[in-house]
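This report concerns only the one structure given below.
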Amino acid sequence: MSLRATSIATTLAEVFGYAEFRPHQAEIIEHVIAGTDAFVLMPTGGGKSLCYQIPALHRSGVTVVVSPLIALMKDQVDALRANGVAAAVLNSSLSAGESRAVLGDLRAGALDLLYVAPERLVLDGFLGELARVEIALFAIDEAHCVSQWGHDFRPEYVRLSVLRERFAHVPVVALTATADEQTRADVLHQLGLGKARVFATGFDRPNIHYSAAYKTKPAEQLIEFLRDYRGASGIVYALSRKRVEQVAERLRDAGFSAAAYHAGMDAAERTRVQEEFLGDRLDIVVATVAFGMGIDKPDVRFVVHYDMPKSIEGYYQETGRAGRDGLPARALMLWSMQDVVTARGFIEAGANEEQRRIESHKLSAMIAFAEALSCRRGALLGYFGEELASGCGCCDVCDTPPETYDATVHAQQALSAVYRLGERFGLGYVVDVVRGAGIERIVANGHDRLSVYGIGAGHSRDEWTSILRQLIHRGYLRVDVAEYSTLKLAGRAGSVLRGEETVVLARPPAPRKKTPAEKPAAKGARAARSLETEEQVALFERLRELRREIAAEQQVPAYVVFADAALADMARRAPRTREDFLAVSGVGAAKLERYGEAFLAAIAGE
Ligand code: ADP
Ligand code: ZN
């Protein structure tokens, strides 16, 4: 429909209420407006949507957006309408009457953007419909779904190649957040985008702080972490349904607003949880991986993994749901040796040899990430083939780099204990022997007479556990899952025992002192919003309450009204006039009209 004569920067400000483009957005948008095909590879939260939404307003005709998730389409359309854009959705959730109305608007040229499900788009009748109207652009969101190499393959996406064939003159932009080399090549091939400009903006999410902690008392560790985030939105992932329910209950007992979400719950209940989360009436969702594909909430402040995920790809995608609004967010992973053993057990139970090899490789990478002794972001990006020149300054390892030391003697002691014990005992037992614990089982086995008994008595149980764990992850020891998790020598253990190899390990962390409650309170949710004074914090909370009411009344997700970033900016500026209100980031002309009055009144304290 509309063909804006202004600059794209003006559109960004007037329609979307943003002062500046994110990296690469302007370049991509200009190319797309010029009519070139484009393939956009941008991390989650990078701002992919604007890369076709702004071109939609600057090219004549309707932009057709293909998206695999019905729930997401509706939210996007609601958000666009709130900004005064003529957008509509066409999918199986509409009644016949509603569909007819949308088709009517399409024929009348009244739409800027039309979101459709892929199965609908490729229907002959619908393609015929499209052939009769002017099309500005095709945007294919989640484009990796077209590839069998990717992890979300959707057969109906393959048929999208028909767009290139039947609408040769209409530019196509394909977008995704996850694509390795192979998937990328496949997407370009499948969609007939051989000539597309490729825009790859890298995997780094600088606003996410990554950390990992070894599980000691996981529920308490989680609650301790969440203390900084009272009232903020977040997701906690756990591997099993049972655990999901337990953790959710534990959090509720501790006074948090939390609910469980997993595939075993009925669909209506799952929808309810999702809607409450989107509507800001529920802070924390504790979920299996089933939760997230359809979640496009920009103000998720933290993602916690209560169990170690199986691969870095999955971990990256799940943590990527934090901080899409660009404000500081945190990713915490809790993990344990038991997690590793369980995961190995699953892998080894698999039938296919090749599959086992791949999964086992992926798990090793995950462990290496968990055990990282240098910058954790470096380990993450390294997995995707991206190098980080130096420490990132925004991860737990950079915050407090571990001290390393020459642990060759410790390693020799531990490895020879495993050897002397005939490689028939587990980690805990080995630790007891090395420390010379006079427990009954050791004495009964006669292991108190071994030369290695008590060889490391000067160090604590935690220290020895850490040493052995590190030796496992470095490949000097292996846990034999098939045989009661006994430890076996592996890799270059022999060279270490013969004194041919030096082993450098991280010094086991000293027992942590409890952090005083007032210190973290200054960080977390409040710092993420950059609120400095008590008044700002109080105002933010009032505005949030107002947003919640409006969102509930209009039955849209809270961020469709305003994102957290916009509310925070509002709380800092405390605008009194319409003009000042327009200066708030995230406020465009349409939102000024729609919400200005209510929010100005709340700010004035009426
Ligand atoms: P993606 O699809 O890449 O995951 P989105 O397009 O959903 O990301 O954008 C993530 C968030 O960032 C949204 O809340 C969006 O409004 C916001 N955003 C996008 N571009 C900008 C910008 N230039 N300035 C401020 N916020 C932006
Ligand atoms: Zn770092």
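The simple Förster model, with R0 at 51 Å and r as the Cβ-Cβ distance, assigns residue 281 and residue 168 a FRET efficiency of 0.60.
Bridge orientation summary for the range 8-200: considering DSSP beta bridges with both residues in this region, about 0 percent are antiparallel. With axes computed from alpha carbons, what is the tilt in degrees of helix 267-278 against the longest principal axis of the chain, rounded to the nearest 10 within 0 to 90? Roughly 80 degrees between the two axes.
Simple spin-label estimate for residue 577 and residue 480 gives 8.0 nm between the two label positions (7 Å along the Cα-to-Cβ direction from each Cα). Looking at the square roots a ≥ b ≥ c of the eigenvalues of the Cα gyration tensor of the range 158-285, which shape do they give, rounded for a/c under 1.5, prolate if a/b is larger than b/c, or oblate? Prolate shape, in that a/c is at least 1.5 and a/b is the bigger ratio.
Please determine, in degrees from 0 to 90 and to the nearest 10, the orientation of helix 408-420 with respect to the longest principal axis defined by the Cα atoms of the chain, where the helix direction is its Cα long axis. That works out to roughly 70 degrees. If you sort the three axes of the alpha carbon gyration tensor as a ≥ b ≥ c, you get a/c of 1.5 or more for the range 530-603 and a/b no higher than b/c, which makes it oblate. Fully extending the segment from residue 364 to residue 245 would add 40.0 nm, taking 0.36 nm per residue of separation and subtracting the current Cα-Cα distance. Modelled spin labels at residue 495 and residue 533, positioned 7 Å past Cα toward Cβ, are 6.3 nm from each other.
Cα centroids of the range 439-461 and the range 342-410: 32 Å apart.
What pairs from 310/488; 74/215; 48/217; 242/591; 217/488; 48/242 go past 32 Å between their alpha carbons? In this structure, 74/215; 48/217; 242/591; 48/242 exceed 32 Å between Cα atoms. Highest mean first, the peptides 530-541, 242-253 sorted by other C-beta atoms within 10 Å per residue fall in the order 242-253, 530-541. Counted by Cβ distance under 12 Å from residue 592, the other residues give a net charge of -2, where Lys and Arg count +1 and Asp and Glu count -1.
Would you work out if the chain is rounded, prolate or oblate? Take a ≥ b ≥ c from the square roots of the eigenvalues of the alpha-carbon gyration tensor; rounded if a/c is under 1.5, else prolate when a/b is larger than b/c, oblate otherwise. Cα axes put the chain in the prolate bin.
Once both labels are positioned 7 Å from their Cα atoms along Cα-to-Cβ, the gap between residue 98 and residue 400 label points is 5.2 nm. Calculated mean residue ellipticity at 222 nm for the chain: -13000 deg cm²/dmol, from DSSP H runs with n ≥ 4 weighted as -39500 (n - 2.57), summed, divided by the residue count and rounded to 500. Residue 503 sits among other residues whose Cβ lies under 9 Å from its own Cβ, and their net charge, with Lys and Arg +1 and Asp and Glu -1, is -1. If one takes the longest principal axis of the Cα atoms in the chain, at what angle in degrees, from 0 to 90 and to the nearest 10, does the Cα axis of helix 241-253 lie? The helix 241-253 is inclined about 80 degrees to the chain.
Stretching the chain fully between residue 384 and residue 34 yields a gain of 122.9 nm (0.36 nm per residue, less the alpha carbon separation). What trypsin sites (Lys or Arg not before Pro) does the range 545-593 have in DSSP loop regions with at most 14 other beta carbons within 10 Å? Loop-located and lightly packed - 576. Other residues with beta-carbon under 12 Å from the beta-carbon of residue 542 carry, at +1 per Lys or Arg and -1 per Asp or Glu, a net charge of -2.
Only the coordinates and a few stated rules stand behind these numbers; no lab work does. Owing to the predicted nature of the structure, the values given are computational and were not obtained by experimental measurement. All Cβ positions, glycine included, derive from the backbone under ideal geometry; neighbour counts span all protein chains shown.
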